[in-house]
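What follows draws every value from the coordinates through simple rules; no lab data is involved. Fair warning: this is a prediction, and the values are worked out from it, not measured in the lab. Don't worry about glycine lacking a Cβ; one is built from the backbone with ideal geometry, like all the others, and counts go over all protein chains shown.
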Amino acid sequence: MVTDTTEQGLERLICTALAGHPCDPPPGGAAESTAGHGGVGWSGGSHRDYDREYCVDLVQLAAFLRATQPETAEALALDEDGPTRRKFLARLQGEVSRRGTVDVLRRGIRHGAHDLDLFYGTPSPGNEQARERFELNRFTVTRQLRYSRDETQRALDIALFINGLPVVTFELKNNLTKQTVADAVE
């Protein structure tokens, strides 16, 4: 058996550990993730679903809002590129820039007449309603996330998202190919 010592091989191992499969991007367009690996766990995402302008996985964000707050999701017109959706995404991006992703996930945001919950926390034992809401969260891992808005197509090796918002990024380097932490920082 040959061991894959490339960055791609390590990406695939990390994704397999988190999501139960190597998270290879689907051959077509947007990917609707399946239930998380091991119950409420991680699912594979697609770099094609990432909106580089607003820094969100739009497919996962829209799916979470449709499942948890359908009236609000419809009012925000997340399925069509128009001024309503762009205003909401700009508001969300502004709140993340001002307050940070963790605070936005914890406290949600207010957009016009809508109070949006963007994450449901870990339920206490015996709280069935809280458990059901928590299970609606969407934890995704995406490989080769292209983040640059120009044509250089710079990409991060792995990104972790909660309900479409990026929370952790990985830039992997391989000692066997003489890559160092300085290369990752660069």
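The table for this structure:
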| quantity | calculated |
| --- | --- |
| Sequence of 11, 74 once ranked by neighbouring C-beta atoms within 10 Å, starting from the fewest | 74, 11 |
| Exposure proxy ranking, count of Cβ atoms within 10 Å, fewest first, for 23, 55, 15 | 55, 15, 23 |
| Whole-Hz couplings from phi, Karplus 6.51/-1.76/1.60, listed for region 51-56; x for Gly and Pro | 8, 5, 5, 10, 6, 9 |
| Residue order, fewest to most surrounding Cβ atoms within 10 angstrom, among 81, 57 | 81, 57 |
| Computed magnitude of the charge dipole of the chain (debye, nearest 20; Cβ of K, R +1, Cβ of D, E -1) | 420 debye |
| Sum of side-chain charges, residue 74 neighbourhood, beta-carbon under 14 Å (Lys, Arg +1; Asp, Glu -1) | -1 |
| Contact order normalised by residue count of region 7-185, Cα under 8 Å, 6+ apart, percent | 21 percent |
| Semi-axis lengths (Å, descending) of the ellipsoid that matches the C-alpha gyration tensor of the chain | 30, 20, 15 |
| Amide H contacts under 5 Å for residue 43, placed H, 5+ residues apart | 37, 139, 140, 141 |
| Vicinal HN-Hα couplings computed from phi for region 124-135 (Karplus, 6.51 cos²θ - 1.76 cosθ + 1.60; Hz; Gly/Pro x) | 7, x, x, 8, 5, 5, 5, 5, 4, 5, 4, 5 |
